[in-house]
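Colleague: Below are the structure tokens for one structure; questions will follow.
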Amino acid sequence: MSLSWSRTTRAIAVTATALSVLTACGGGGGGGGGDSAGKPSGPVTITFWGWAKGSKDVVEAFNASHKNIQVKFEEIPSGTAGGYAKISNAVKAGNAPDLVSIEYSSLPEFVSSGALQDIGGEFTEQDRAKLLPQAVQLTTLGGKSWAVPFDAAPQAFYYRKDLFTKYQVAVPTTWDEFKSAAEKVKKADAKARIATFFPDDPTTFEAMAWQADAQWFKAENDTWKIDTTDPATTKVAAYWQGLLDADLVHKNASFSPEWTGSLKNGTTIGYLGASWGAGVLKGTLPEQSGKWAVAPMPNWNGTPASGMLGGTSFAVTKGSAKKAAAVEFAEWMSTTEAGVKARIASGTSSAFPAATALRPVAKQVFDASYYGGQDIYALFEASGASIAPGWAWGPTTGTTNTAIKDRFGTMTAGGPGITDAIKAGHDATVAELTKRGLKVEG
């Protein structure tokens, strides 16, 4: 089964139309031309910033197999944990790297601010044909190509199958069943919880809203319509507020020592993540090999559904004079068997490639013994095919998410909750769009 993105094509096309307006405000993404007219003719050294698992291994493999291009890699925090701020500050200061990792959700904001270069002359139609067309559309904004897509990120539920068996808890397929399972887990072990709410990571909540058919951003003609109070979002917010109020889930920062510690000692027995999470757990908890399994995300009405949590692309910053070399490296990472093998063979990455032809390669290289030999890539394919249509990203993701994150971090029992945080994100978004001179309703 191939990833069925056709259902989301309409929303993506609408977003692209609106991006043609906002790029006019933010700049066309010009910058150093350097070697951009063609393939590099001599030894070139480029710099690359990213955080995805296996990046260091990919860089080493590329450097070992290429003489004309060498890559200097710097690992930075994930985008929402400070990576995007670091990239933005470097671009403003004129000392940005040549190539950066940017998730699909944040790409429109970097484009609108004029931080990136159009790579259409290097990332050709023939090159794009190797990748999922809709993934290419996510990086084609305002009629220009801004990044090389790397992966897709359908949601998935990871769970400790040994503890689910011990506590006699069935793996939930719906959110009603998830709540019941959460109650059984807490009853079986007063310290244990089925999962964690991440107050530092609005993108996880946004993926939940996406899964429920929410549509926060709509672009119509030259106007952005913002709605974070639609029925789907309201339902998801109320559901998670109920879990928090009943103390049925932990509340810890994502990938924090507290969260990792709770996984290690068995007081957190599930993780609501995405396809890339399989590698994260394997790399973080190697001693728990054979104890974890993967299931589709619980859904609302019995029909499989998923949102998209993350998804990486590679973009060239506006000041780079080595565009062709940077794009060649990005394409090697995303579209070659050697690039995918190097990343996944590291043992820490479970990337689900946008290059559909390379998914069998990813499946073959990933050591699934950690998950008892389960065919997790077949599950990712099915989950990807169930991604809900209609969601589109706006041009102020950083502003939106910072406002939500700040409020998530101050939530207390009986005080302001999830709905208040989402409202803060809405208000901050409208204010920022207005400040930029864009038309907005909401």
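The values are calculated or read from the model by the stated rules, or taken from the named source; none is laboratory data. Every value quoted in this text rests on a predicted model; they were computed, and no experiment measured them. For neighbour counting, all protein chains shown are included, and Cβ atoms are generated from backbone atoms with ideal geometry for every residue, glycine included. Side chains are part of the model used for accessible areas, which takes the heavy atoms of the whole protein and leaves out ligands, DNA and RNA. Shrake-Rupley method; radii C 1.70, N 1.55, O 1.52, S 1.80 Å.
Colleague: Compute the accessible area per residue over the stretch 287-365, keeping the other protein chains in place, probe 1.4 Å, unit Å².
Modeller: Counting only protein heavy atoms, the per-residue value for the stretch 287-365 is 30 Å².
Colleague: Could you work out what % of the accessible surface of the stretch 185-231 is carbon and sulfur, using a 1.4 angstrom probe and leaving DNA, RNA and ligands out of the count?
Modeller: Its accessible area is 47 percent carbon and sulfur atoms.
Colleague: How much net charge surrounds Gly319 when only the other residues with a Cβ under 12 Å from the Cβ of Gly319 are counted, with Lys and Arg +1 and Asp and Glu -1?
Modeller: Computed value for this residue: +3.
Colleague: Tell me the carbon and sulfur percent of the accessible area for the stretch 334-388, rounded to whole percent, probe radius 1.4 Å.
Modeller: Carbon and sulfur: 55 percent of the exposed surface of the stretch 334-388.
Colleague: Using just the C-alpha positions of the stretch 288-327 as equal point scatterers, what log10 of I(q)/I(0) does the Debye formula give at each q in 0.24, 0.29, 0.30, 0.34 1/Å?
Modeller: With one equal scatterer per Cα and no solvent, log10 I(q)/I(0) is -0.92, -1.01, -1.02, -1.09.
Colleague: Taking H placed 1.01 Å from N in the peptide plane, check which residues at least 5 places from Thr47 or on another chain put their amide H under 5 Å from its amide H.
Modeller: Amide H neighbours of Thr47, under 5 Å, 5+ apart: Lys72, Asp98, Leu99.
Colleague: Shifting gears a bit: Of the listed peptides 59-66, 249-256, what is their order by residue-averaged count of other C-beta atoms within 10 Å, with the highest listed first?
Modeller: The densest-packed peptide leads the list: 249-256, 59-66.
Colleague: Quick one: give the max-minus-min coordinate of the C-alpha atoms of the chain along each principal axis, largest first, in Å.
Modeller: 65, 49, 37
Colleague: Could you sort 379-389, 313-323 so that the peptide with the highest average Cβ count within 10 Å comes first and the rest follow in order?
Modeller: 313-323, 379-389
Colleague: So what J values fall out for the stretch 411-427 if you push phi through Karplus, 6.51 cos²θ - 1.76 cosθ + 1.60 with θ = phi - 60°, rounded to Hz, Gly and Pro as x?
Modeller: Whole-Hz 3J(HN,Hα) from phi for the stretch 411-427: 5, 9, 4, x, x, x, x, 4, 4, 5, 5, 5, 5, 4, x, 4, 5.
Colleague: Give me a comma-separated list of calculated 3J(HN,Hα) values for the stretch 252-268, in order, Karplus coefficients 6.51, -1.76, 1.60 applied at θ = phi - 60°, integers in Hz, x for any Gly or Pro.
Modeller: With coefficients 6.51, -1.76 and 1.60, one gets 9, 5, 5, 6, 7, x, 5, 5, 4, x, 5, 5, 5, 8, x, 8, 10 Hz.
Colleague: Just to check I understand the Karplus step: with θ = phi - 60° and J = 6.51 cos²θ - 1.76 cosθ + 1.60, what whole-Hz values come out for the stretch 379-390, glycine and proline as x?
Modeller: Karplus-based 3J(HN,Hα) across the stretch 379-390 equals 5, 4, 4, 5, 5, x, 5, 9, 4, 5, x, x Hz.
Colleague: I would also like to ask the following. With contacts defined as alpha carbon pairs under 8 Å and 6 or more residues apart, what's the relative contact order of the stretch 219-376 in percent?
Modeller: Rounded, it is 23 percent for the stretch 219-376.
Colleague: Shifting gears a bit: Taking the mean number of other Cβ atoms within 10 Å as a proxy for protection, how do you rank 271-280, 216-225, 398-407 from highest to lowest?
Modeller: Those peptides, ordered most packed to least, come out 271-280, 398-407, 216-225.
Colleague: What is the Cα coordinate range of the stretch 332-442 on the first, second and third principal axes, sorted by size from largest, in whole angstrom?
Modeller: Principal-axis extents of the stretch 332-442 (Cα, largest first): 47, 38, 26 Å.
Colleague: Using a probe radius of 1.4 Å on heavy atoms only, what accessible surface per residue do you get for the stretch 68-223? Whole Å² is fine.
Modeller: Accessible surface, normalised per residue, equals 38 Å².
Colleague: While we're looking at this one, here's another question. Treating only the Cβ of Lys, Arg, Asp and Glu as charged (+1, +1, -1, -1), what charge dipole size does the chain show about its Cα centre? Round to the nearest 20 debye.
Modeller: About 420 debye.
Colleague: Over the Cα atoms of the stretch 248-316, what is the Rg over Rh ratio if Rh follows Kirkwood?
Modeller: Taking Rh as the inverse mean 1/r over Cα pairs, Rg/Rh reads 1.00.
Colleague: Quick one: in the stretch 106-150, what % of C-alpha pairs are over 13 Å apart?
Modeller: Taking all Cα-Cα pairs of the stretch 106-150, the fraction more than 13 Å apart is 49 percent.
Colleague: How large a share of the accessible area of the stretch 66-131, in percent, is made up of carbon and sulfur atoms when the probe is 1.4 Å and the other protein chains stay in place?
Modeller: 45 percent
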